[in-house]
Amino acid sequence: MSELTGTTALVTGASRGIGQAVATRLAAGGALVLVHFGTDGNGAAATVEAIERAGGTALAVRAELGVDGDVETLFAGVEAALAGRPLDILVNNAAAAPAGPLGTTTRAEFDHLFAVNVRAPYFIIEHALALLREGGRIISLSSVATRMANPAQTSFAMTKGAIDTMTRTLAGQLGPRRITVNAVAPGATRTAANAAVFDVPGLTEQITGMTALDRLGGPDDVADVVAFLASDAARWITGQVIDASGGLFLGPRI
């Protein structure tokens, strides 16, 4: 029997990249996975198809995040898909990309970034609590950008700092229900969606030169950490931000 057999999971932003890898990994562990997507219906369908092809079970749920009524739309789909079953695992993965350094981000871009990366996860958790079973799991995706001074990601790092704070405070609040609340902080992670970024000459070498494990991360590297936190093996871990960056920017490599 797999470690997540009989459980249900909602993974936001699961049509590609890390979210897709997380959804696939949880399904491989035995969970019924609700694959959330905002606009990439083809990507969500591909995720569901890959899960089913491997013998798992998944359903796609659509809701654009960062707009009025986003969470209500999401949970109308979630409740229909669950058909009366409780939710065991919530993974807040969906996020808007970094908008640029100070002086280049418009107010509208800044507001959208916070709407998707901070407001949506907060209210998704609030709505999920009515469905989440005792001893459930809440896992949010943070970033190593919160511990690195990268001027190109200031506003993005601010949103992920909010996720870290939310994780710690909600862990204390939800502890009496035995719900664990943790975050996973990836570093430089190459996905199909961002592969072109790492094709910039010298960039991959520069990043791996700052990474203790001497390579770029992949979606599966992060997905395995999320799956561990979703499992019973992580029942005594809560309120933590787990670095899943391969040791990016720990200090000089002498």
Seminar exercise, completed: When the range 198-239 is checked residue by residue, the ones that are within 23 Å of residue 17 (Cβ to Cβ), among the polar types (S, T, N, Q) and in contact (Cβ under 8 Å) with a residue 12 or more places away in the chain are 204, 211, 231
Seminar exercise, completed: Counting only residues in the range 178-189 that are without any contact (Cβ under 8 Å) to a residue 60 or more places away in the chain and assigned to a loop (DSSP other than H, G, I, E, B), the one farthest from residue 227 (Cα to Cα) is identified as 178
Exercise. Within the range 166-195, which residues are out of contact with any Gly (no Cβ under 7 Å at 6 or more places or on another chain), of a type in the set (Ser, Thr, Tyr) and surrounded by 13 or more Cβ atoms within 10 Å (Cβ to Cβ)?
Worked result: 180
Seminar exercise, completed: Note on residue 198: of the conditions (1) over 26 Å from residue 137 (Cβ atoms); (2) exposed (fewer than 14 other Cβ atoms within 10 Å of the Cβ), unmet is (2)
Exercise. If you check residue 192 against the conditions, is it under 22 Å from residue 165 (Cα atoms) and either in contact with a helix residue (DSSP H, G or I) (Cβ under 6 Å, 6 or more places away or on another chain) or not in a helix (DSSP H, G or I) (or both)?
Worked result: no
Exercise. Which one is surrounded by the fewest Cβ atoms within 10 Å (Cβ to Cβ) among residues in the range 13-48 that are among the charged types (D, E, K, R) and farther than 20 Å from residue 138 by Cβ?
Worked result: 40
Exercise. Just a yes or no: is a residue in the range 89-100 more than 17 Å from the chain's Cα centre (by Cα) and modelled with pLDDT under 95?
Worked result: yes
Seminar exercise, completed: Subset of the range 201-249, residues among the charged types (D, E, K, R), surrounded by fewer than 17 Cβ atoms within 10 Å (Cβ to Cβ) and not in a loop (DSSP other than H, G, I, E, B), comes to 205, 220, 224, 232
Exercise. Which of the following residues is among the basic types (Lys, Arg), modelled with pLDDT of 95 or more and within 22 Å of residue 223 (Cα to Cα): 62, 85?
Worked result: 62
Exercise. Do any residues in the range 8-35 that are without any contact (Cβ under 8 Å) to a residue 60 or more places away in the chain and at positive phi have Cβ atoms under 6 Å from those of residues that are of a type in the set (S, T, N, Q) and surrounded by fewer than 24 Cβ atoms within 10 Å (Cβ to Cβ), where the two are at least six apart or on different chains, and which pairs are they?
Worked result: 30/2; 30/5
Seminar exercise, completed: Every listed condition ((1) over 23 Å from residue 187 (Cβ atoms); (2) part of a helix (DSSP H, G or I); (3) among the charged types (D, E, K, R)) holds for residue 160 save (1)
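The values are calculated or read from the model by the stated rules, or taken from the named source; none is laboratory data. Every value quoted in this text rests on a predicted model; they were computed, and no experiment measured them. Positions of Cβ are generated from backbone atoms using ideal geometry, with glycine treated the same way; all protein chains shown enter the neighbour counts.
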